[in-house]
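I'd like to ask you about the structure that follows.
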Amino acid sequence: MALSGGIVLASHHPVAPAAAASVVVLLFGLAAWRPNLWLFAVPALLPLFSWAPWTGWVIFDEFDLLLFAAAAGSHARTAFTGRTVSDDLAPSRDDRFFMGCAAVFCILGAVALARALLMAAPVPWSPFQSYTDPLNSWRVFKPVLYAALIWPLLRMQIEQDADAAVRRLGVGMLVGLTVVALAVVWERLAYTGLWDFSTRYRTTALFWEMHVGGAAIDVYLALATPFVAWGLWTARTPLRWAAVASLALLIGYACMTTFSRGVYGAVGGSLVLLALLLRRKRLPLIRWRVLAGWGLALALALEVAAVLGLGSFMRERMAASERDLGGRLEHWQAGLGLLRDPTDWAFGIGLGRLPAAYSQATPERSFPGDVRFVPPSPGQSSGSVVLSGSRTPLNHYGLMTLTQRVALHPVRPHEVAFDVRSTVDADVSVRLCEMHLLYPRRCQWGWVQVAAAGATWRHVVMRLRGPRLDPGLAWAPRMGVLSIAVVNEGGVAELDNMSLVGPDRVERLTHRDFTGGLAGWFPAAQGYYVPWHIDNLYLELLIERGVLALLAFVLCMGWTLRRLFDASGSGSPIAPFLMASLCGCWCVGLVSSVMDVPRVAFLMFLLMLCAVEVTRLRRSVGSHPGGDAAPV
């Protein structure tokens, strides 16, 4: 089933279906050949396996293909080798409590998924559905499904060789962190400069889910940063220690340049917790480790001082903390207002329905616009796209844009052309910017007013104004983004046959029409991101899944923390790092959403399950007659 799901999904890949299907089959073969490989590959490739700005996928991404292929190959190998769970390591009564709570959480998630699908308006199936469409419920449900699919494989790997499994997971986390760190360094070099800490620019790296805001990179860094400490703790040679220490400096820089107070508090707090858990564990006093440790601590302190002392952006954010807290409290109250009856409180309003329900219930904080694909009519080969401005007067400035990545050329003027029709007056804004995801650096722009003309199409050509765009350095190239939006209240425009050319008359767009749906086009918000997130993990669970699911999740949290704390006290090498990682994530969850970022939510579940299985193995082996406590 997993292999079939991966191949079917790959066959609908917007850009390269044949290549995507081939990769799924290849990864399936690798996982069947080396069933232990997935525990390294999944966390290592997690930050990289999503190319949404180039594919146009929002509901699905390449990470889904990776997980389907890895799970299918590993399960197939398990089936043919006949490997089973050891009778000596059967779950205890204490373990069954966690399993029961996890099962309740999964079942209630399925109930919330069913409620959302039943209450959603019928919409034609399309892989380009948005956050207000039925498939968004599936997008939010994916992490739970994938965790259930992976759990038996994780259990068998840890039972077979727990130390090797932990090493694979840890090294995979370090590789994933390296990918994120390098992406951050490139992003800062290309768009702000490494040492500019005053420009209002927050790092996003490769977490494209932040095209509507959110805290994807915040939660990832909180989960993953303690594994840098694990790498330093377990390194036994100066060369390995130096490599991980270099990564620590880069990740420190990444954390600081998010300019997120949640990241600062969660990562700092988790590292303090880790230090307390490790205070009774002593490494051999080797001179080079002591000197290198003090040097790394000094370098990290200088990084913090540079970001906070040499720039003004973080000081501005700190000064606005009280005002931001007041706004967040109002936001949370508005979110709780979506629970209108006892059924909503018990089972939630439905998975993935929060953005649409919040925007409808609070018009003053609703979506700043909309992007929607219109399938082709019978006899037509190409669809079109409808852009809408805000439907109500808003007390903020924000846009919902349709974007495509283009190569930058240092020329001007560029010329944009498209076909358009509208039943109401619409002001259409077009920009070509040096841009990564959320923050434009330098732009050329144009604007046209489209008068209402019913079903009649008209052809519009506009010449963009503005400075020459700089493609950047060879080792830090800048990406170009063409964005189109309707900027007036109530405006609606339907577009087709897009074109972007320079003075050389060479076409810059790779997907001019919408024959393949929104393939190559990526909806993105600019300047305003409130209705897409409730900015609290626990309210997110309560509103969409209900109080029973929240209670089940909190019980799983408490059980996991207790077991990790006990294992840390009894000498488990990995338990302190897992505890710091999960505590950091759950602290960020106090001020940020988590479950609406499937990749990161899955990583949280994976680490929780790893903690469950490692502590279960240790207790089972330690209590078995004649057994010794497991080193993990």
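The values are calculated or read from the model by the stated rules, or taken from the named source; none is laboratory data. Keep in mind that what you see is a predicted model, and the values were worked out from it rather than measured. Note that each Cβ is placed from the backbone with ideal geometry, even for glycine, and that neighbours are counted across all protein chains shown. Just so you know, the surface numbers come from the protein's heavy atoms only, side chains and all, with ligands and any DNA or RNA stripped out. Shrake-Rupley method; radii C 1.70, N 1.55, O 1.52, S 1.80 Å.
Starting from the 7 Å offset along Cα-to-Cβ, what nm value, one decimal, do you get for the label separation of Ala361 and Ser377?
3.9
Continuing with the same structure: Between Tyr538 and Ala110, what is 0.36 nm times their sequence separation minus the Cα-Cα distance? Round to one decimal in nm. Present the calculation step by step, with values, prior to reporting the outcome.
Numbers: separation 428, 0.36 × 428 = 154.08 nm, distance 1.79 nm.
Going from the current span to full extension adds 152.3 nm.
Still on this model: Pulled fully out, how much extra length does the chain show between Trp33 and Leu590, if you take 0.36 nm times their separation in residues and subtract their Cα-Cα distance? Display every interim value, and only then the final one.
Details: separation 557, 0.36 × 557 = 200.52 nm, distance 4.17 nm.
This chain segment gains 196.3 nm when fully extended.
Compute the helix-to-body angle for 261-277: its Cα long axis versus the longest principal axis of the chain, expressed 0 to 90° and rounded to tens.
The angle comes out at about 10 degrees.
Before anything else, pin down the relative contact order of the chain: Cα pairs under 8 Å, at least 6 apart, normalised by residue count, whole percent.
Numbers: 1178 pairs, mean separation 124.7, N = 632.
Computed value for the chain: 20 percent relative contact order.
Moving on to the next point. Which part of the range 8-40 falls in the paramagnetic zone of Val179, meaning amide N under 15 Å from the point 7 Å along Cα-to-beta-carbon?
What the label zone holds, given the 15 Å backbone N cut-off, is 24, 27, 38-40.
Still on this structure, please answer the following. Suppose R0 equals 35 Å. What FRET efficiency, 1/(1 + (r/R0)^6) with r the Cβ-Cβ distance, do Val386 and Ala148 give to the nearest 0.05? List each step's numbers first, then the result.
On the way: r = 38 Å, r/R0 = 1.07.
Computed FRET efficiency for Val386 and Ala148 comes out at 0.40.
Which order do the peptides 336-345, 575-584, 384-393 take when ranked by the mean count of other beta-carbon atoms within 10 Å per residue, highest first?
Working: 336-345: 13.4, 575-584: 26.1, 384-393: 19.5.
Result, highest mean first: 575-584, 384-393, 336-345.
Separate question: Please report how far the C-alpha centroid of the range 314-366 lies from that of the range 478-525, rounded to the nearest whole angstrom.
32
Can you give the FRET efficiency for Asp425 and Arg279, using 1/(1 + (r/R0)^6), R0 = 60 Å, r = Cβ-Cβ distance, to the nearest 0.05? Before the final figure, lay out the partial values.
Numbers: r = 68 Å, r/R0 = 1.13.
So the FRET efficiency works out to roughly 0.35.
While we're here: What does the range 26-154 give for Rg and for Dmax, in Å, if only its C-alpha atoms count?
So, for the range 26-154, Rg and Dmax equal 17.4, 51 Å respectively.
Express the Stokes-Einstein translational diffusion coefficient of the range 349-481 in µm² s⁻¹, to the nearest whole number, given a Kirkwood radius over alpha-carbon pairs, 37 °C and a viscosity of 0.692 mPa s.
Details: Rh = 17.4 Å.
For the chosen part, D equals 189 µm²/s.
Dividing the alpha-carbon Rg of the chain by 2.2 N^0.38 Å yields what? Write down the numbers at each step before the final one.
On the way: Rg = 25.2 Å, N = 632, 2.2 N^0.38 = 25.5 Å.
That works out to 0.99 for the chain.
Could you order peptides 308-320, 161-173 by the average number of other Cβ atoms within 10 Å of their residues, highest first? Could the numbers behind the result be given before it?
On the way: 308-320: 14.0, 161-173: 19.8.
Per-residue Cβ counts within 10 Å, averaged per peptide and sorted highest first, yield 161-173, 308-320.
Turning to a different aspect of this structure: Taking the Cα centroid of the range 242-263 and of the range 182-207, what is the distance between the two, rounded to the nearest whole Å?
Comparing the Cα centres of the range 242-263 and the range 182-207, I get a distance of 12 Å.
Could you compute how much accessible surface Thr178 exposes when probed at 1.4 Å, giving the result in Å² to the nearest 10?
The accessible area comes out at roughly 60 Å².
Can you work out the FRET efficiency for the pair Arg328 and Val272, with r the C-beta to C-beta distance and R0 = 25 Å, to the nearest 0.05? Don't skip to the end; give the middle numbers.
On the way: r = 24 Å, r/R0 = 0.98.
Once the sixth-power term is evaluated, E becomes 0.55.
Right, next: Helix 598-623 versus the longest principal axis of the chain: what is the Cα-based angle in degrees, 0 to 90, to the nearest 10?
The angle comes out at about 10 degrees.
Between Rg and the Kirkwood Rh of the range 1-98, both from Cα atoms, what is the Rg to Rh ratio?
Numbers: Rg = 16.0 Å, Rh = 14.7 Å.
Looking at the range 1-98, the ratio lands at 1.09.
Then there's this: Counting pairs of Cα atoms in the range 257-367, how many percent are more than 25 Å apart?
Numbers: 3309 of 6105 pairs.
It works out to 54 percent of all Cα pairs.
Roughly what percent of Cα-Cα pairs across the range 139-279 reach past 25 Å?
Working: 3621 of 9870 pairs.
Result: 37 percent of Cα pairs exceed 25 Å.
Given the whole protein assembly as supplied and a 1.4 Å probe, what does the accessible area of Val24 come to in Å², nearest 10?
Val24 exposes around 0 Å² with every protein chain in place.
Under the √(5λ) rule applied to the eigenvalues of the Cα gyration tensor, what semi-axes describe the equivalent ellipsoid of the range 408-518? Give them in Å, descending. Mind showing how you got there, number by number?
Working: eigenvalues 140, 43, 34 Å².
Semi-axis lengths for the range 408-518 are 26, 15, 13 Å.
What do you reckon, how do Ile7, Ile107 stack up by accessible area (1.4 Å probe), largest on top?
Numbers: Ile7 65, Ile107 105 Å².
Result of the area sort, largest leading: Ile107, Ile7.
Accessible area per residue, 1.4 Å probe, Å², for the chain: what's the number?
Working: 25830 Å² over 632 residues.
With the other protein chains kept in place, the chain gives 41 Å² per residue.
Can you pull the Rg over Rh of the range 462-618, Cα-only, Kirkwood?
Working: Rg = 24.1 Å, Rh = 20.6 Å.
Rg/Rh: 1.17.
Next question, about the same structure. Could you tell me what percent of the accessible area of the range 422-531 is made up of carbon and sulfur, with a 1.4 Å probe and every protein chain present? Before the final figure, lay out the partial values.
Values: 2570 of 4700 Å².
Summing carbon and sulfur atoms, their accessible area is 55 percent of the total for the range 422-531.
Still on this structure, I have one more. Hey, any idea what % of the range 6-70's accessible area is carbon plus sulfur with a 1.4 Å probe? All intermediate terms of the calculation are to be shown ahead of the outcome.
Details: 1860 of 2310 Å².
Using a 1.4 Å probe with all protein chains present, the range 6-70 comes out at 81 percent carbon and sulfur.
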